[in-house]
Structure formats: C-alpha cells, structure tokens
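Below is one structure; the comments refer to it alone.
The values are calculated or read from the model by the stated rules, or taken from the named source; none is laboratory data. Computed from a predicted model, the values in this text were never measured in an experiment. Cβ sites come from the backbone with ideal geometry, for glycine too, and all protein chains shown count toward neighbours.
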Amino acid sequence: MSIPALADSGLVLRDLAKSYGPVAAVRGIDLTIAPGETVALLGPNGAGKSTTIDMILGLAPPDAGSVTLFGSTPARAVADGRVGGMLQTGQLISELSVRELVAMVAALYPRALPVDEVLAVTGAERFAAQRTTKLSGGQSQRTRFAMALVANPDLLVLDEPTAALDVEGRHDFWASMSEVARQGKTILFATHYLEEADSYADRIVLMARGRVVADGAATDIKSRVGGKTIRATLPGVDLDALRSLAGVTGALRRGEAVTLACSDGDAALRSLLGTYPAARDLEVRGAGLEEAFLELVTEDEDEETAP
Ligand SMILES: Nc1ncnc2c1ncn2[C@@H]1O[C@H](COP(=O)(O)OP(=O)(O)OP(=O)(O)O)[C@@H](O)[C@H]1O
Ligand SMILES: [Mg+2]
C-alpha cells in the first residue's frame, strides 16, 4: 500500500471559517503544511491570522470547516504534546519563576525536553530565576517560546513571536528558531513583516480579509508583493494583454483606470508605453506591503463577483 498515512500529513485546514458577530474573521481557508516545513502566515492587521491560529490550537471552535493535526483533532494533538503554541496575548502565571513555569508545563507532557536544555536554546536561562511578573516584553516572549518548545512538539505555532523584541532580540530569537527548524520540526508563524517571512520561512501564505490571497515560495511571494505598481488611464484594453507585458505580473481595471502589479517596474513602464502610447495619467509607486495586499484582495474580490 502506498497511500500515505493520515498521521503523516502534518497540518490540514479544510474550508475553515469563523465570524465574530457580523465580522467574518476567517472566510474559507484551505491549507496543507507538510511535516518539516517552516511557513509564514503573512498579513496586515485584522487579516485573520490570530483567528486561524486559535482554531489550529483548538482554542476557538470553527463555524465551518475542519482542522486536522497529524491525523487527529487539535484537542488530541495538543494533549499529546504534538503541538506547541505561542499566542499573541495572554498573561503568564504569576507567583512562579521562569524555570518553575517551564518545568510545570514540562510535567504535563509525556515526551517533554529537559528544562535546562529548553531554557538554553530559547535564551531564557539568563533570567530563569526571575518571577514572571518581573519580565520585560522580550523576556516574556522568550518565556512563551520556552513554554511552547518544552513539550517537544512536532508542530510549533507562533503568533507574532517577535512583536515585542528589539533588533538584537529578533536576531537571537530567529537564531534559536532556525536551530529548532533544523531538528525537523514543522513551524507556522504569523507576522506582519515581509522581510521576516522572507528570511525565515520556506513558504509564505499571504492572508488578507480572512482569505488566503497568495501561497508560495518566499521568493515568489516577494516578487509579487515587493515590486512596483503602475496606474494609468487606458480604456478598452484587455486585461490579459496587459498581464502579458514584460515586467507585469497582474492587472486589474476600475472604469478607465488600470493598475498593474509589476515585478520589474522599469520594464513594465517601457512595454506599456511602447505597446499602448495612449496610456496617460501615469503613476508609478513602490508597492508597500499594505498596498500589495489591497491589490491582491481586490483582485480576489473581482474574481468573486465575475459572472
Ligand atoms: N474576540 C473577538 N471578538 C470580535 N472580533 C474579533 C475577535 N477577535 C478578532 N476579531 C476580529 O476578527 C478579524 C480578524 O482578527 P485577527 O485577530 O484574526 O487578525 P490578525 O490577522 O491576527 O491581526 P493582527 O495582525 O492585528 O494581529 C478582525 O476584524 C478583528 O477585529
Ligand atoms: Mg493577530
């Protein structure tokens, strides 16, 4: 039999959805992450990253769809210590030192790592004797990381792990993380930062407004969202023709105005004017991440409303 066991399939999300009252936070996500992959969940504020992560960790029930972790439910996988989560918010238990807290978590899991080893790899050993109420933001983040890691999980799910860290702290954090990734663990982390996703993930899943709007190798996503945007007034030209111009990766239209997403802004501008001299009101802009997200989402919504 060559059918791979479900248990080997890592993380599988199927048509996952969740609303908070009228807010559709997650609107139908399909995603498969193979064991050993490091994946960044990239997106602007409110994209639905934390809601997705909460459902993966079994902290929030989906309205629709399913989460499968190594062939079982989130609750089962978390109880077995196969999944370690690091949340964006939440207090650490007070009245304990960092070492005591990490040891307490370790005691809950069957295949926990030695506490000292985890304190060392996460850089928490320097303040291990300190009370959890006396920690800086960066130290709290390291403590959370140690708590996620000590169960020796196969999958680590981290919600903006470097949010409270300064530049040096970020660097140290990712050095620890890379070490953990080398041990073959599967890692999913949420971030706002394209650079962070590009540097530390094999693959980027771009989310906006509750949907996955792009999913691919970091280099591929970077070229899609890191390029220039050209806007022009150009009536009556087919979008597919614009998409085939040199340096252009995407095109959309609103009335007479077209917007081109470009991998190479210079080449795109030359080919646009060479092919369509009637193009006017030209605007070339560096596509910031937020802007690129908006373009991708608009594209997505245009497709939805298409007949
Ligand atoms: N507990 C909640 N009650 C009501 N609305 C919520 C709740 N949690 C999230 N939302 C809403 O759901 C949407 C998605 O939020 P979510 O926290 O998942 O986004 P995010 O991508 O993690 O954003 P950020 O980058 O700011 O952390 C937002 O519109 C948010 O306001
Ligand atoms: Mg969030």
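Could you identify the single residue in A47, A103 that is within 16 Å of ligand 1 (Cβ to nearest atom) and in contact with a helix residue (DSSP H, G or I) (Cβ under 9 Å, 6 or more places away or on another chain)? Full working, then the answer.
Values: A103 fails: within 16 Å of ligand 1 (Cβ to nearest atom).
Step by step, each of A47, A103 is checked, and only A47 is within 16 Å of ligand 1 (Cβ to nearest atom) and in contact with a helix residue (DSSP H, G or I) (Cβ under 9 Å, 6 or more places away or on another chain).
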Scan the range 157-173 for residues that are outside any loop (DSSP other than H, G, I, E, B) and modelled with pLDDT of 90 or more and report the count. 3
Selection from the range 235-291 of residues that are touching a residue at least 40 places away in the same chain (Cβ under 8 Å) and within 30 Å of the chain's Cα centre (by Cα): G250, L252, S263, A268, V284, R285, G286, A287, L289, E290, E291
Only one of A197, A218, A214, A181 that is within 23 Å of P161 (Cβ to Cβ), within 16 Å of ligand 2 (Cβ to nearest atom), touching a residue at least 12 places away in the same chain (Cβ under 8 Å) and hydrophobic (A, V, I, L, M, F, W, C): A197
Looking at the range 87-106, can you tell me whether even one residue there is closer than 24 Å to G48 by Cβ and touching a residue at least 60 places away in the same chain (Cβ under 8 Å)? yes
With (1) more than 19 Å from L11 (Cα to Cα); (2) surrounded by 24 or more Cβ atoms within 10 Å (Cβ to Cβ); (3) out of contact with any Asp or Glu (no Cβ under 9 Å at 6 or more places or on another chain) as the list, and D172 as the residue in question, which single condition is left unmet? (2)
What pairs can you find where one residue is in the range 115-132 and in contact (Cβ under 8 Å) with a residue 40 or more places away in the chain, the other is part of a loop (DSSP other than H, G, I, E, B), and their Cβ atoms are less than 6 Å apart, with a gap of 6+ or different chains? T132/L92; T132/S94; T132/L96
Filter the range 41-67 down to the residues that are more than 13 Å from ligand 2 (Cβ to nearest atom) and either in contact with an Asp or Glu (Cβ under 7 Å, 6 or more places away or on another chain) or not assigned by TED's automatic domain parsing to the domain that holds R209 (or both) and list them by number. A64, G65
